[in-house]
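Peer 1: Okay, handing you the structure first.
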Amino acid sequence: MQADNITCAASIGAGVIGYSWALKFAMAGLEVWAQNRTEESSALARERVHASMESLVKNGVYDDAQAAQIEARIHYTTSVAEAVAHAQFIQESSSEHYEVKWELVRELEAAAAPDAIIASSTSGLLVTEIAKNAEHPERFCGGHPYNPPHLIPLVEITKGEKTVDATVECAKAFYSRVGMEPVVLQKEALGFICNRLQMALYREVANLVLSGVCTVEDADKAVTFGPGIRWGIMGPSLVFELGGGKGGVEGLMNHLNDSVSLWLADMADWKSLPAEWAHVAQEGVDAELAARPASKGNTPETLTEYRDHMLIELLKLHEKL
């Protein structure tokens, strides 16, 4: 399969992640089949697509006519076989249980073309195990997005033991073609790249708050208006490359090594978050929301609207929308 030849994609399990995948593919001009198990779930997916398109129109990405054309490219079904009958790229976003994935693999292979690429949105399961009963395990890979994938470009491609390089290259080219930014894991790793990075940071957020160093709100502000605002432009190693001046990242690391070693020795190295953290975090978030102006989101609903607006504006700067 060649990425340039893909004209039809399927999103299997069009829930919170799957509907967004379907929308992303349709935004790229593909015909898309969005599958759910029930008509009620399909109706909800359609509502989510429409609401997301309204947000994109409101933020100046599309006009009403373009939005209607994009929505018209998405076809809804409760049949896996119908969804994948003409799909050259299949993105599955079913529940995170191997038993569910194994049954779905059987259904997909019974109905899909033998050269169709099948990518799993799994955030924690291994591709090797998902595809262990497949007739063609070589065409399976992981394609882990970040929510919502129609706005956040990152997708982490993972390989199983029997995944061939051609599958990875095709998936990478396809994701790039539809406007994603793919990264490829050279070997399977629990949590992939970004989940591990963000949880390493969040572990230290919990440590700082529980140690009385700062509040949840101030930790959020520190990330948002400190390194986070730079990370929205470039990654941490590139940030340090600039911070090191003529010496680059190597010079900066050598210069800071003694100080950084002291910080690292004082930081949390827990292997699980303290039991009380969930409650402390929720109390902190509730207080933080109460202090936010409505224009920047002070309820889950308005916070989502604010997030999407800011993501869209940042993506415009990155020429991703």
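The values are calculated or read from the model by the stated rules, or taken from the named source; none is laboratory data. Just so it is clear, the structure is predicted and the values come from calculations on it, not from any experiment. Neighbour counts run over all protein chains shown; Cβ positions are idealised from the backbone, glycine included. These accessible areas exclude ligands, DNA and RNA; they are computed on the full protein's heavy atoms, side chains included. Shrake-Rupley method; radii C 1.70, N 1.55, O 1.52, S 1.80 Å.
Peer 1: For the stretch 237-252, give me the residue count where each residue is closer than 18 Å to Gly226 by Cβ, open to solvent by less than 60 Å² (accessible area, probe 1.4 Å) and aliphatic (A, V, I, L, M).
Peer 2: Counting residues in the stretch 237-252 that are closer than 18 Å to Gly226 by Cβ, open to solvent by less than 60 Å² (accessible area, probe 1.4 Å) and aliphatic (A, V, I, L, M) gives 2.
Peer 1: If a residue has to be open to solvent by less than 40 Å² (accessible area, probe 1.4 Å), in a helix (DSSP H, G or I) and touching a helix residue (DSSP H, G or I) at 6+ places or on another chain (Cβ under 8 Å) to count, how many in the stretch 93-117 make the cut?
Peer 2: Matching residues across the stretch 93-117 total 5.
Peer 1: Among the residues of the stretch 188-202 satisfying the criterion of being in contact with a strand residue (DSSP E or B) (Cβ under 9 Å, 6 or more places away or on another chain) and either in a helix (DSSP H, G or I) or without any contact (Cβ under 8 Å) to a residue 60 or more places away in the chain (or both), which is most open to solvent (accessible area, probe 1.4 Å)?
Peer 2: Among those that are in contact with a strand residue (DSSP E or B) (Cβ under 9 Å, 6 or more places away or on another chain) and either in a helix (DSSP H, G or I) or without any contact (Cβ under 8 Å) to a residue 60 or more places away in the chain (or both), it is Ile193.
Peer 1: Let me ask something else. Which of the residues spanning the stretch 203-247 are of a type in the set (Val, Ile, Thr), more than 30 Å from Glu283 (Cβ to Cβ) and outside any loop (DSSP other than H, G, I, E, B)?
Peer 2: Answer for the stretch 203-247, where residues must be of a type in the set (Val, Ile, Thr), more than 30 Å from Glu283 (Cβ to Cβ) and outside any loop (DSSP other than H, G, I, E, B): just Val239.
Peer 1: So, one more: Can you name the residue in the stretch 253-268 that is aliphatic (A, V, I, L, M) and loosely packed, with under 14 Cβ neighbours inside 10 Å and, of all such residues, is nearest to Tyr202 (Cα to Cα)?
Peer 2: Only one residue tops the list, namely Met267.
Peer 1: Being exposed (fewer than 14 other Cβ atoms within 10 Å of the Cβ) and under 18 Å from Glu288 (Cβ atoms) is the filter here; which residues of the stretch 205-217 pass it?
Peer 2: Once the filter is applied, which keeps residues that are exposed (fewer than 14 other Cβ atoms within 10 Å of the Cβ) and under 18 Å from Glu288 (Cβ atoms), the stretch 205-217 yields Gly212, Val213.
Peer 1: For the structure I just gave you, tell me whether Ala81 is open to solvent by 30 Å² or more (accessible area, probe 1.4 Å), of a type in the set (A, V, I, L, M), without any contact (Cβ under 8 Å) to a residue 40 or more places away in the chain and under 23 Å from Pro114 (Cα atoms).
Peer 2: yes
Peer 1: Right, next: Among the residues of the stretch 269-304, which ones are surrounded by fewer than 15 Cβ atoms within 10 Å (Cβ to Cβ), charged (D, E, K, R) and either assigned to a helix (DSSP H, G or I) or in contact (Cβ under 8 Å) with a residue 12 or more places away in the chain (or both)?
Peer 2: Glu276, Glu283, Asp286, Lys296, Glu301
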